[in-house]
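Notes follow the structure.
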């Protein structure tokens, strides 16, 4: 394997400001890719998330990791902005090899409220941010991706198809949003079947995003301190882990074997052999089903 196996490859991480998007962008950079990082939060302007992370930060981290990070402020709900983004990628690079649809960016989810008690405007905004953005981005980006054989499209979600099919996700609108993203991956797989491109649905496990770490009052360096308040957090994973899953898929010459599949970072780690930052291989969705959801005491032994 070459030191920079993705040198010369171009990726778009749509929604790369933080979380899984940032982790993915950095790992693509570490593999040598040119990575366009999009989102609404810049050093000059925050999105409604009102978080400190910015696309410029992510792009700089991509470059430090060994790739070329390019930050572009884009609201993926605005078709003209997405059209212009793709035109820029084509003009500057001439190709797009990997599309990661990771757009989300809402802080208005009302957990454990039925739909009739939920804020309707907030719920509909959640759906627009989680669903419309992905559809708009695929509409404009796929024609460029399909100009070269072997393209990879990843719809990023929360939860495997198997898990989400039988488990309510504690919010009508969140549940619907994740189901819609899953169905989009299914539809893309159908529509790309006659083209030389692969579409998959990919989920991280319990992600130690910046927001999640803040919720627990910890950092990535001392995240285990949160186990006193939430022991099941022991199965959590860093954003780098799902990023390494994306890189493994992007480098696999036989990636088409996964076409149309619902995948998780933990599942792919077993196949490709990559690890999280601490050298472990957390398998969160198996743990959730076999330990957490059935009420067993928290114990990640055998799951990471």
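Considering every residue within segment 188-211, establish whether at least one is in contact (Cβ under 8 Å) with a residue 12 or more places away in the chain, touching a strand residue (DSSP E or B) at 6+ places or on another chain (Cβ under 7 Å) and part of a helix (DSSP H, G or I). Before the answer, list the steps.
Our first condition is that a residue be in contact (Cβ under 8 Å) with a residue 12 or more places away in the chain; within segment 188-211, this holds for 188-190, 192-193, 195-211.
When the remaining residues are screened for being touching a strand residue (DSSP E or B) at 6+ places or on another chain (Cβ under 7 Å), the result is 188-189, 192, 197-208.
Next, from what is left, pick out any that are part of a helix (DSSP H, G or I): 188-189.
Looking for residues that are in contact (Cβ under 8 Å) with a residue 12 or more places away in the chain, touching a strand residue (DSSP E or B) at 6+ places or on another chain (Cβ under 7 Å) and part of a helix (DSSP H, G or I), one finds at least one in segment 188-211, hence yes.
Hey, among the residues in segment 132-144 that are crowded, with 16+ Cβ neighbours inside 10 Å and farther than 18 Å from residue 200 by Cβ, which one's nearest to the chain's Cα centre (by Cα)?
Looking at residues that are crowded, with 16+ Cβ neighbours inside 10 Å and farther than 18 Å from residue 200 by Cβ, I get 133.
Being free of Cβ contacts under 8 Å to residues at least 24 places away in the same chain and surrounded by 15 or more Cβ atoms within 10 Å (Cβ to Cβ) is the requirement here; does residue 161 meet it?
Numbers: free of Cβ contacts under 8 Å to residues at least 24 places away in the same chain: no; surrounded by 15 or more Cβ atoms within 10 Å (Cβ to Cβ): yes.
So residue 161 fails the test.
Just checking, how many residues over segment 227-249 are within 14 Å of the chain's Cα centre (by Cα) and more than 16 Å from residue 204 (Cα to Cα)?
So the answer is 0.
Considering only segment 164-187, state which residues are within 25 Å of residue 119 (Cβ to Cβ) and free of Cβ contacts under 8 Å to residues at least 12 places away in the same chain.
Matches in segment 164-187: 168, 169, 175, 183.
In segment 80-104, what count of residues is obtained for those that are crowded, with 16+ Cβ neighbours inside 10 Å, touching a residue at least 12 places away in the same chain (Cβ under 8 Å) and over 23 Å from residue 247 (Cα atoms)?
Summing the residues that are crowded, with 16+ Cβ neighbours inside 10 Å, touching a residue at least 12 places away in the same chain (Cβ under 8 Å) and over 23 Å from residue 247 (Cα atoms) in segment 80-104 gives 1.
Contact list please: Cβ distance under 6 Å, first residue in segment 280-291 and in contact (Cβ under 8 Å) with a residue 24 or more places away in the chain and at negative phi, second residue crowded, with 20+ Cβ neighbours inside 10 Å and assigned to a loop (DSSP other than H, G, I, E, B), pairs at least six apart or on different chains.
So the pair list comes out as 280/304; 282/205; 282/304; 283/303; 284/205; 284/206; 285/160; 287/303.
Residue 21 passes all but one of (1) under 24 Å from residue 215 (Cβ atoms); (2) assigned to a loop (DSSP other than H, G, I, E, B); (3) in contact (Cβ under 8 Å) with a residue 12 or more places away in the chain; (4) out of contact with any helix residue (DSSP H, G or I) (no Cβ under 6 Å at 6 or more places or on another chain); which number fails?
Of (1) under 24 Å from residue 215 (Cβ atoms); (2) assigned to a loop (DSSP other than H, G, I, E, B); (3) in contact (Cβ under 8 Å) with a residue 12 or more places away in the chain; (4) out of contact with any helix residue (DSSP H, G or I) (no Cβ under 6 Å at 6 or more places or on another chain), only one is false for residue 21: (2).
Readers should treat all values here as calculations from the given coordinates under stated rules, not as data from a laboratory. The structure presented is a predicted model; accordingly, all values stated were derived computationally and were not measured. Every residue, glycine as well, gets a Cβ built from its backbone with ideal geometry; the counts of neighbours run over all protein chains shown.
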